[in-house]
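Colleague: Have a look at the structure that comes next, please.
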Amino acid sequence: MKGKYSYILPTIIAAALAVGVFVGGKLHFNDSPEKLFTTNSKKDKLNRLIDYIDYEYVDDIDTDSIVDVTVNNILEKLDPHSVYIPKRQMEEVSENMKGDFVGIGINFYPYKDTIAVIRTIDKGPSFLKGILPGDRILMADNDTLYGKNLASENIVEKLKGEKGSYVELTVFRKSEDKTFKVNVRRDVVPIKSVESYFMMTPKMGYIKVNRFAESTFREFKDALSALRKQGAERLTLDLRDNPGGYLGIAEQMADEFLEDGKLILFTKNKKGKIDKIYATDKGSFEDKPIYVLINERSASASEIVAGALQDNDIGTIVGRRSFGKGLVQREMDLGDGSAVRLTVSRYYTPTGRSIQRTYKNGNKDYYKRFTDRYHNGELVSVDSIKVADSLKYTTPKGRVVYGGGGIIPDVFVPIGSNEEEAVESMDNLGFLSFFVFEYLDEDRSRFSDISKEEFINEYHVDDILFERFVDYSVNRGLKMEFYDYEDQIKLYIKAALADQLFGPNSHAKIKSTADAMLKTVMELDAPMVKQADADSIEENN
């Protein structure tokens, strides 16, 4: 790869995983944290030291920050996934895993010196009040939302509030050159974890899940039901880049595809207690072809689903070796708004394998070994994956699978070239989206008469828009061989346009046409489709 993407991609990915990977629930203690554990000399020593610093140290010290550092240092000595969540981050983390928050229902950019609406949430508070893409929100009640150095977190704080409360927005509409006020009633706004879903073929549905939150299974069931009504008899479940979430949600999803009584996973704690989780008779997509997509950033709950299906000889796992996280965390409220997620057990797939990577040399080595995958050839060739014969397991149908570091797919799909991954990152990191927003903002009427179906099937990014993107990128310091990847860039520009004009389903559907893993799925599925068609003809005769 030429340019800065060659060295920032693995670092960004590792950092995101370090923060985002966990499988959890919540501890339900009868006593408060203060009463939970008996007093002991070790705890007294720490308390006395903090009190001594608080009262006697020569300078004023924020002892809360000392406690935060101390807790983090303790947890870092345990394992990479036992984490401390400070009070200031807890609300955001909780909302993300709950799957909703109370607000006005917009996606926005802090653009230049104003808040620019990208898109309103369908049937959300702002949508119902007529707020449009491209509108600038200048004020929320008496709070000014324009000017330099606008921080997104401060903006969100002013737009959020109690459910049912009102906020008066002052809005400038560029397309009509007018400013107006509107009262918006705050309501629950979903944070979607089912990112997109659509029909790949007349019988193949596709669902992309980006995390396992409280609302994920409900969203998944709604998407699956919608696809089945459109004729889906087979499914591609996309768990790429999914860092995980709640253990129970992963169990529910796996249950959809497994027959009653099949083992989904089991957990073992420090005392050796084993808890086994079995599938129920509630599965609605049993005995149907399923393909699960994973990659090196699929972790924890994603690996539970993939491992449960693979070990039960259900479906086909497609992609690259997953992250390798087989530890289960539970959350304990520390009483001041902060919390600890502590590793309390390990989980094992139905064949008995642990897919947790080693962390015996500390957290830095743990994440370095992950980024090393980008340099040792593992993402390009399945033969570069190092596996130990001692960690070999066999499924009921005799398929060999391995533990010790992630789920190895049944069908390997190599990562794209450095340049292809750079284009993908421009989309994932919002660079293309920002370019498209500026383009649309010049004149949104150019797309006012085109339907979603017409756009997907007929619209093509022309050379003029492509050249504009090249100039835009070069002026911002990006260096790559743009013209060697012109077709991919044009397709991704079209997808970014679709996202802002019609939503994430259109974005995903357009990008799917150039997706190597989805192409592999179609190749794998073709003989099954042919056989099914032949069986159908024979039955009719």
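Derivation of every value follows stated rules applied to the coordinates shown; laboratory data play no part. Note that the structure is predicted; figures quoted are calculated from it, not measured. Positions of Cβ are backbone-derived with ideal geometry, glycine not excepted, and every protein chain shown enters the neighbour counts.
Colleague: Less than 12 Å from a label point 7 Å out along the Cα-to-Cβ axis of Thr201: which backbone N atoms in the range 295-327 qualify, by residue?
Modeller: It comes to no residues whatsoever.
Colleague: Turning to a different aspect of this structure: Summarise the long-distance tail of P(r) for the range 235-294 by giving the % of C-alpha pairs beyond 19 Å. Don't skip to the end; give the middle numbers.
Modeller: Values: 697 of 1770 pairs.
More than 19 Å apart: 39 percent of the Cα pairs in the range 235-294.
Colleague: What is the distance, in nm, between label points placed 7 Å from the Cα along the Cα-to-Cβ direction at Asn154 and at Ile191?
Modeller: With each label point 7 Å from Cα toward Cβ, the separation is 2.2 nm.
Colleague: What lysines sit close enough to Lys43 to cross-link, taking a C-alpha to C-alpha distance under 18 Å and skipping anything fewer than 8 places away on the same chain?
Modeller: Here the lysines satisfying the reach criterion relative to Lys43 are Lys35, Lys77.
Colleague: Using only the C-alpha atoms of the range 483-525, find the volume of their convex hull and express it per residue in Å³.
Modeller: With only Cα atoms used, the range 483-525 gives 57 Å³ per residue.
Colleague: Checking the cross-link filter: which aspartates and glutamates have an alpha carbon closer than 20 Å to that of Lys479, excluding same-chain neighbours under 8 positions apart?
Modeller: Once the sequence-local aspartates and glutamates are set aside, what remains near Lys479 is Glu419, Glu420, Glu421, Glu424, Asp427, Asp463, Glu467, Asp471, Asp487.
Colleague: Right, another one. Mind giving me the nanometre distance, one decimal, between the label points for Lys129 and Ser384, set 7 Å out from Cα along Cα→Cβ?
Modeller: The answer from the label model is 5.2 nm.
Colleague: Another question about this same structure. May I ask for the percentage of alpha-carbon pairs in the chain that lie more than 32 Å from each other?
Modeller: Tail fraction, whole percent: 52.
Colleague: Treating only the Cβ of Lys, Arg, Asp and Glu as charged (+1, +1, -1, -1), what charge dipole size does the chain show about its Cα centre? Round to the nearest 20 debye.
Modeller: That gives a dipole near 1380 debye.
Colleague: Also: Starting from a Cα-only point model with no solvent, please compute log10 I(q)/I(0) by Debye for the range 100-190 at q = 0.25 1/Å.
Modeller: -1.47
Colleague: Which number comes out as Rg/Rh for the range 418-502 once both Rg and the Kirkwood Rh are worked out on C-alpha atoms?
Modeller: On the way: Rg = 12.6 Å, Rh = 13.3 Å.
That ratio equals 0.95.
Colleague: Note down the nm distance, to one decimal, between modelled labels 7 Å out along Cα→Cβ at Asn376 and at Arg468.
Modeller: Going by the 7 Å Cα→Cβ label model, 4.6 nm.
Colleague: Where the only charges are on Cβ atoms (+1 Lys, Arg; -1 Asp, Glu), what is the dipole of the range 418-502 about its Cα centre, to the nearest 20 debye?
Modeller: With only Lys, Arg, Asp and Glu charged at Cβ, the dipole is about 300 debye.
Colleague: Another question, if that's okay. Using the count of nearby Cβ atoms within 10 Å as a rough guide to exposure, how do Lys42, Lys87 rank from fewest to most?
Modeller: Arranged by neighbour count, lowest to highest, Lys42, Lys87 become Lys42, Lys87.
Colleague: By per-residue mean of other Cβ atoms within 10 Å, what is the highest-first order of 337-345, 443-451?
Modeller: Numbers: 337-345: 19.6, 443-451: 10.7.
So the peptides 337-345, 443-451, ranked by packing, come out 337-345, 443-451.
Colleague: Here's something else I'd like to know. Principal axis lengths of the range 241-392 from Cα atoms, whole Å, largest first?
Modeller: Principal axes ranked by extent give 48, 44, 30 Å for the Cα atoms.
Colleague: Which residue, chosen from Val67, Val171, Ser448, occupies the Cα position most advanced towards the positive end of the dipole of the chain, where the dipole is computed from +1 (Lys, Arg) and -1 (Asp, Glu) charges on Cβ about the Cα centre?
Modeller: Of the options given, the answer is Val67.
Colleague: Using alpha carbons only, how many angstrom separate the centre of the range 143-177 from the centre of the range 66-132?
Modeller: Their Cα centres are 16 Å away from one another.
Colleague: How many angstrom lie between the Cα centre of the range 388-416 and the Cα centre of the range 298-328?
Modeller: Cα centroid of the range 388-416 versus Cα centroid of the range 298-328: 10 Å apart.
Colleague: Taking a cut-off of 22 Å between Cα atoms, list the lysines near Lys511, but don't count ones fewer than 8 places away on the same chain.
Modeller: Hits, sequence-local ones excluded: Lys192, Lys203, Lys208, Lys452, Lys490, Lys494, Lys519.
Colleague: Mean separation of Cα pairs under 8 Å and 6+ residues apart, divided by the residue count of the chain: what relative contact order is that in percent?
Modeller: After rounding, I find 14 percent.
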